[in-house]
Amino acid sequence: MKEFIQKQIDELRLSISTGLPNYNKVKPSNALKVLLAYDMVFRPNFILWLMLMKGKERTPKGRKVLEDNLKCEIEENHPQLLLNSLVPSFHLFTDVESMEQVYKDVDKKMLPIITNEVRSLTLSSTSTDGFFIMAMLENASLTFIPWIKEIVEHRLPVNDVKYFNVHGEADKEHAVAFLEASSDEYIQRAITNGGEDFQRRRMIYSSQEKHMNEITAKLKTVFEGIFYFVKETELV
């Protein structure tokens, strides 16, 4: 199971990294669109997804990594840290019409994704699948967080990048912990639901893997939306 999850992680990371330009090629307006799209997905939902997982843990590893991650997110106030990077970016624009167009572009791309994929991920977080989602996000963040930090730091009028520094360090540990916990949680669920019937356990594993493939596809769509604005950008 761990090998299957790692394969899904590698697939998602490759999907995200393919086509991302050097930060110097990103127009400031597009950098802001990426940051807004990222904020739209993660600031309202990440802690919610973790909270929805509470009580669904079946293993000691699952309980520990969930508690550690929640503690980190809440005590360090990661939503506020993200806002600290986002708000100064609005000073890019001196007229309301330009800023309004940025919002329109982001909303047009992201609102259907929020309505479909993000809501589906929220429902999935109420089960063992939440651990898979977190394993995917924490590992994928090792690819996308450093890149977003670059465009925020170099292409936007932002001095406070603490959010990205904090995630860059914490995600390394959480990535490993959620990968292991996710594998343990799925195995325990198969044992619990399948009992001593090994044929039934194999059927459960097959069903789990099919569902994880579906979640991976949803996560790809989410990140395709976030990075849509810089996939084909010209050097400024």
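Per residue and in cubic angstrom, what volume does the convex hull of the Cα atoms of the chain have? Please list the in-between numbers first.
Working: hull volume 25.5 nm³, N = 236.
Residue-normalised Cα hull volume stands at 108 Å³.
Using a 1.4 Å probe over the heavy atoms of the protein chains, calculate the carbon and sulfur portion of the accessible area of the chain as a whole percent.
Numbers: 5910 of 11420 Å².
Carbon and sulfur atoms account for 52 percent of the accessible area of the chain.
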- [ ] Compute the accessible area per residue over the stretch 1-88, keeping the other protein chains in place, probe 1.4 Å, unit Å².
- [x] 47 Å²
Open item on the list: Over the Cα atoms of the stretch 64-185, each weighted equally, I'd like the Debye log10 I(q)/I(0) at q = 0.21, 0.22, 0.23 Å⁻¹, rounded to two decimals.
Closed with: -1.30, -1.33, -1.36
- [ ] Only Lys, Arg, Asp and Glu count, each charged at its Cβ (+1, +1, -1, -1), so figure out the dipole size of the chain about its Cα centre, rounded to 20 debye.
- [x] 520 debye
TODO: Would you please put 155-164, 187-196 in order of how densely packed they are, using the mean number of other Cβ atoms within 10 angstrom per residue and starting with the highest?
DONE: 155-164, 187-196
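Explain nothing, just the number: dipole magnitude of the stretch 134-236 about its Cα centre with +1 on each Lys and Arg Cβ and -1 on each Asp and Glu Cβ, in debye rounded to the nearest 20.
The calculated dipole for the stretch 134-236 is roughly 320 debye.
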Open item on the list: Using only alpha-carbon positions, what ratio does the radius of gyration of the stretch 114-166 give when scaled by 2.2 N^0.38 Å?
Closed with: 1.45
- [ ] Lys and Arg at +1, Asp and Glu at -1: add these up for the other residues within a Cβ distance under 14 Å of T216 and post the number.
- [x] -2
Open item on the list: Classify the stretch 129-236 from the C-alpha gyration tensor, please: rounded if a/c falls under 1.5, else prolate or oblate depending on whether a/b exceeds b/c.
Closed with: oblate
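Per residue of the chain, what 222 nm ellipticity follows from adding -39500 (n - 2.57) for every DSSP H run with n ≥ 4, rounded to the nearest 500?
-25500 deg cm²/dmol
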Task: Kyte-Doolittle at least -0.5, axis length at least 30 Å by Cα - qualifying DSSP helices, the chain - done: 129-155
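The values are calculated or read from the model by the stated rules, or taken from the named source; none is laboratory data. Here the structure is a predicted model, which is why all the values come from computation and not from measurement. Virtual Cβ from ideal backbone geometry, glycine too; neighbours counted across all protein chains shown. Calculation scope for accessible area: heavy atoms of the full protein, side chains included, ligands and nucleic acids excluded. Shrake-Rupley method; radii C 1.70, N 1.55, O 1.52, S 1.80 Å.
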